[in-house]
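One structure is given here, and the rest of the page talks about it.
Here, each number is a calculation from the coordinates, and none is a lab measurement. Note that the coordinates shown come from a computational prediction; the quantities given were computed from them, not determined experimentally. Because the Cβ atoms are built from the backbone with ideal geometry, glycine has one as well, and the counts that use them run over all protein chains shown.
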Amino acid sequence: MKQEEAFWTERYNENKTGWDIGYPSTPLKEYIDQLENKFLKILIPGAGNAYEAEYLFARGFKNVFVLDISQYPLNALKNRVPSFPEQNLLHDNFFEHEGQYDLIIEQTFFCSFEPNKKNRSDYAKKMSELVSPNGKLVGLWFCHPLDENGNRPFGGSKEEYLDYLNPYFTTKTGSHDRYGD
């Protein structure tokens, strides 16, 4: 964990966060806007600056958990939203995390892992363990080829994502400008 934590903390310290758009992505915001149950237990793994968590919290969702391997973005969220519950900021390794959630929101987290079959299979399996029996995994996954230089975030294709997720989830997909439920 220490090597991964150091890698991501350095990215934040050096402001090498090209994936960070500075607000919740439109498809996830639209998905959140249609949620009615404010008591859902929600996890955002590999949350980065966690704009989705900030948005959820502002809309009255108080059972939102933010998980990141680096303490840096967790501190940034706490500074932006001082009333966000400290106990809901989880400085942890996703693969070691325990719990059950009604909803997991994925914002290109899959693409942060080295793109090999083991990592990607482990990701899908772990997501299935964290989602409660009637829960949902909702998210956005980068749909672009792997970077020739091996730089993060790593890409993937819709077909690849479905190959990993379908053994564990009933999947519904949408295009880049719409979301699947």
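Please report, for the Cα atoms of the chain, the Rg to one decimal and the Dmax as a whole number; what are they, in angstrom?
When restricted to the Cα atoms of the chain, Rg and Dmax are 15.4, 43 Å.
Name the residue, out of F169, F154, F39, whose mean-square fluctuation peaks in a Gaussian network model built on the chain with Cα pairs under 10 Å.
Result for the chain, Cα springs under 10 Å: F39 fluctuates most.
Take the chain, connect every pair of alpha-carbon atoms lying under 10 Å apart with a spring to form a Gaussian network, then pick out the residue of L56, L90, L35 with the largest mean-square fluctuation.
The residue with the greatest mean-square fluctuation here is L35.
Arrange the following residues from fewest to most other Cβ atoms within 10 Å of their Cβ: F113, F7. Please list the in-between numbers first.
Values: F113 19, F7 13.
Ranking F113, F7 by Cβ neighbours within 10 Å, fewest first, gives F7, F113.
How big is the charge dipole of the range 28-149 about its Cα centre, in debye rounded to the nearest 20, if each Lys and Arg gets +1 on its Cβ and each Asp and Glu gets -1 on its Cβ? Provide the component values of the computation, followed by the final result.
On the way: 13 positive and 17 negative charges, 48 e Å.
Here the size comes out at about 220 debye.
Under 1.5 on a/c is rounded, so check that first for the range 1-40, then, if it is not, pick prolate when a/b is larger than b/c and oblate when it is not; a ≥ b ≥ c are the square roots of the alpha carbon gyration tensor eigenvalues. Please report the intermediate quantities before stating the final value.
Working: a/c = 4.72, a/b = 2.05, b/c = 2.31.
In terms of gyration-tensor shape, oblate.
Listed here are the pairs K2/K118; K16/K41; K16/K62; K16/K136; which of them are more than 27 Å apart at the Cα? Mind dumping the intermediate values first?
Values: K2/K118 20 Å; K16/K41 31 Å; K16/K62 30 Å; K16/K136 31 Å.
Check vs 27 Å cut-off fails for K16/K41; K16/K62; K16/K136.
From the square roots a ≥ b ≥ c of the eigenvalues of the alpha-carbon gyration tensor of the range 18-88, which class results: rounded (a/c under 1.5), prolate (a/b over b/c), or oblate? Each step should come with its number before you reach the end.
Working: a/c = 1.77, a/b = 1.21, b/c = 1.46.
Oblate, because a/c is 1.5 or more while a/b does not exceed b/c.
Between the range 114-145 and the range 1-51, what is the C-alpha centre distance in whole Å?
Here the two parts' Cα centres lie 15 Å apart.
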